[in-house]
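Every read-out reported here was derived from the displayed coordinates using simple, explicitly stated rules and does not represent laboratory data. Treat the numbers as computed from the prediction; the structure is a model and nothing was measured. Ideal geometry is used to build each Cβ from the backbone, glycine not excepted, and the neighbour counts take in all protein chains shown.
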Amino acid sequence: MNADKHSAQTIVFLRKLRYAGIRLAARVRLLARRAVHAPVVSCLVAITVTSAIFLAFPGLDLWFSGLFYDSDSGFWAARTPELVRLRALGPTFVWLIGGISALILVVRAAWPDRPPLVGLRAPVFLLTTLALGPGLLVNGILKSYSGRPRPRYVEMFGGDLPYVPVWRFTDYCADNCSFVSGEGASGLWFLALALVVPRAWRIPTALAAGLLGFAVSLNRVAFGGHFLSDSLLSWCLTGLVVLLAHRLFYRDTPRFLTDDALDRTLARFGWWLRETADHLRRRIREAIRARRS
């Protein structure tokens, strides 16, 4: 009798568990659909949730960094040649993408009498997000003023400084601090390229950019240069900048940010540069003639 009762209770429990799983899966699918349609809100939620997790469980940072630390050799990945070369890929691609974007604008200004080879909104978008995200927000503000020591400098990993939780600004570090990750921000910024390439290239570009960004970000954690929370929050913050800029450039676009308006502005700038250069050349020639006479 007791066995039958126990079996019945088990069946009821399993049914309830199954129904709860179905409801949870439906809720996750609903949140996923909402995330696709409201990416900015989703990014803000990700920042809040990620911050709350690492504030509530700061040991996660130390545990994850500890996976790459040995008491005898320290952070062994920093001395692995292949991983050192991998780290160089991040800045290389940043310079490559940013350099090509800037070159497109320079070519347009240098030849204002010729039609542009490509639309100018994409390179302006890429340079703007690079300057505002990894440039200003991450490196200019947070890394300069957060004061968070890098993992290799904290006591648990052979240093002499305490572990500092996320969003707690201190004076333990004067400049180029751990919070947040510059490589992580650049790694997320690579995904901005997937938002401006032709539709057929977007998924392959996003996969390649995401893989590179993930590898570069994880590599810095393995080097003892950043905590896991540094990388995750740098992704979220840079993603927020990219999404807000994309909305401005491609959805709620003001007139001065359309391809035609940007082309006219840069062409006028190019003509002004040409006229200024011609004026300077005339003045120099006149000065040379006056000196000779």
Item checked: Filter pass, F223 being touching a Pro at 6+ places or on another chain (Cβ under 8 Å), within 27 Å of G59 (Cβ to Cβ) and of a type in the set (A, V, I, L, M, F, W, C) -> no
Notebook entry, point to check: Is there any pair with a first residue in the range 264-291 that is free of Cβ contacts under 8 Å to residues at least 60 places away in the same chain and a second that is assigned to a helix (DSSP H, G or I) whose Cβ atoms are under 9 Å apart and which are 6 or more apart or on different chains, and what are they?
Noted result: T265/F256
Next item on the list: Scan the range 172-215 residue by residue and report those that are in contact (Cβ under 8 Å) with a residue 40 or more places away in the chain and hydroxyl-bearing (S, T, Y).
Entry: S178, S181, S186
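Report whether or not L240 is part of a helix (DSSP H, G or I) and surrounded by fewer than 20 Cβ atoms within 10 Å (Cβ to Cβ).
Details: part of a helix (DSSP H, G or I): yes; surrounded by fewer than 20 Cβ atoms within 10 Å (Cβ to Cβ): no.
So L240 fails the test.
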Notebook entry, point to check: Hey, does the range 66-75 have a residue that's part of a helix (DSSP H, G or I) and among the aromatic types (F, W, Y)?
Noted result: no
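So that you can scan it fast, the table gives a plain yes or no per residue for (1) farther than 30 Å from H226 by Cβ; (2) over 14 Å from the mean Cα position of the chain (by Cα); (3) surrounded by 15 or more Cβ atoms within 10 Å (Cβ to Cβ):
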site: T92; (1), (2), (3): no, yes, no
site: I100; (1), (2), (3): no, yes, no
site: L103; (1), (2), (3): yes, yes, no
site: V106; (1), (2), (3): yes, yes, no
site: T128; (1), (2), (3): no, no, yes
site: G133; (1), (2), (3): no, no, yes
site: R148; (1), (2), (3): no, yes, yes
Note to self: Regarding the range 176-191, can at least one residue be identified that is hydroxyl-bearing (S, T, Y) and in a loop (DSSP other than H, G, I, E, B)?
What the structure shows: yes
